[in-house]
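For reference, the structure discussed in these notes is given below.
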Amino acid sequence: MKNRILLIFFSLFVVSSACAQQDSLAEQCAVVPDTIVFCRPDSVLIVHSDSILSIVVNGNQGNPGYVYERSLAIADTSSTTMKSESIKQSNIFSFGYDGGLFDFGKVSRKKGAAINFSLLQSLEMGLTVPFSCPSGMQTRLFRSNEVRLNCLTLSVWPYKKKWGVSIDCGVSYNRYFMKKNAFTCDANHFVSITSMPEGVKEAESCMGFLRADLKVLYHYTVHREVDLAGGIMLSWCADKFGNTTSTVWRDADGKEQSELFKINPERVMTSFRLECLLCEVFRIYANVSPKSPFKLGTGPQFGTVSLGIGFRL
């Protein structure tokens with residue numbers, strides 16, 4: 001009889017404990033309504049990478065066709081994460097605005113391929129050094145310079161972000177300063193180099209070119225945000241618009257004199273370009289143009305090397 005009474009009390013104790021645990025679980029679910037509980041799933045798949053943590057659960061108790069997908073896009077190395085529902089690998093391209101003077105956001109290349117565009121992205125300044133110059137053309141090294149504005153840039157970075165291609169449209173202005181001699185122009189706008197007359201002091205001659213540029217580069221990511229790029233740049237000169245030669249000097253009486261001529265350079269020029277982009281803030285570039293800015297017989301024949309730096313706007 002005593003054994004039966006003990007067995008009854010033990011059974012009541014087990015039943016009451018189970019009910020208490022069930023009530024506690026119900027209270028927790030009531031406090032956290034977004035909690036999802038999986039009971040006896042058929043399979044659980046967890047995929048972790050540097051930027052995405054994905055969880056896929058197949059099956060639930062009483063529902064073998066149940067499927068749950070969840071992805072967490074890791075924003076940085078801290079514990080803060082950005083949640084997004086069901087990120088599919090089929091979304092291989094993302095489109096967006098990638099910086100520039102009017103910055104409305106950037107598209108990360110870490111999630112997959114990206115097609116980005118920029119307006120007024122960077123400003124470049126550099127020194128120009130002519131080579132293979134004719135006799136009498138003695139340019140001033142630190143006075144000969146160029147300025148270029150990147151107006152519109154379109155870049156494509158395929159998946160894994162190691163390499164990409166960019167197309168850039170811009171406007172540039174090149175100046176060549178010469179000492180002792182002067183650039184002169186005849187009625188046909190042909191440019192020649194002449195000596196300054198006797199008694200002339202403080203003479204300086206300048207030749208300038210205004211061009212529209214199209215730059216096509218192949219990029220390769222070396223380390224994180226360090227990219228190396230190489231390609232070609234095509235330049236177009238308008239007919240005598242913005243292309244001039246000017247000479248300023250002081251005569252024997254000390255009066256300042258000047259001459260200005262419009263020139264007609266080669267319409268299309270091709271140059272080779274190398275760039276190193278550092279931290280998406282500034283770039284170092286070298287531009288080599290073996291072709292003269294004038295056709296043979298219309299001006300001095302020389303090539304140009306440009307070295308400079310560009311800053312992100």
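Every number here is computed from the coordinates shown, using simple stated rules; none is lab data. Fair warning: this is a prediction, and the values are worked out from it, not measured in the lab. Every residue, glycine among them, receives a Cβ derived from its backbone with ideal geometry; neighbour counts consider all protein chains shown.
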Worksheet item: In what order do VAL44, VAL200 fall by count of nearby beta-carbon atoms within 10 Å, going from fewest to most?
Response: VAL44, VAL200
Worksheet item: What is the calculated FRET efficiency for GLU259 to VAL147, with r their C-beta to C-beta distance and R₀ = 25 Å, to the nearest 0.05?
Response: 0.55
Fill in: Spin-label model distance (nm) - HIS223 vs ARG70, 7 Å beyond Cα toward Cβ
3.9
Fill in: Other-chain or far-sequence residues with amide H under 5 Å of PHE302's (modelled H)
SER292, PHE294
Item to complete: Would you mind ranking HIS189, HIS219, HIS48 by Cβ crowding within 10 Å, fewest neighbours first?
Response: HIS48, HIS189, HIS219
Response to the item:
With DSSP loop assignment and no more than 11 other C-beta atoms within 10 Å, the trypsin sites (Lys or Arg not before Pro) in segment 230-260 are LYS255
Worksheet item: Can you flag which of LYS179/LYS262; LYS180/LYS255; LYS215/LYS291 are past 22 Å Cα-Cα?
Response: none
Worksheet item: Hey, what do the phi angles of segment 269-284 turn into as Karplus ³J(HN,Hα) couplings, whole Hz, using 6.51/-1.76/1.60 and θ = phi - 60°, x for Gly and Pro?
Response: 10, 10, 9, 9, 10, 10, 9, 10, 9, 10, 6, 6, 10, 9, 10, 10
Practice prompt. Among TRP249, TRP163, rank each residue by its count of other Cβ atoms within 10 Å, from fewest to most, as a rough exposure measure.
Written response: TRP163, TRP249
Discussion item. Below 8 Å, C-alpha to C-alpha, sequence gap of six or more: please give me the relative contact order for segment 93-312 in percent.
Written reply: 19
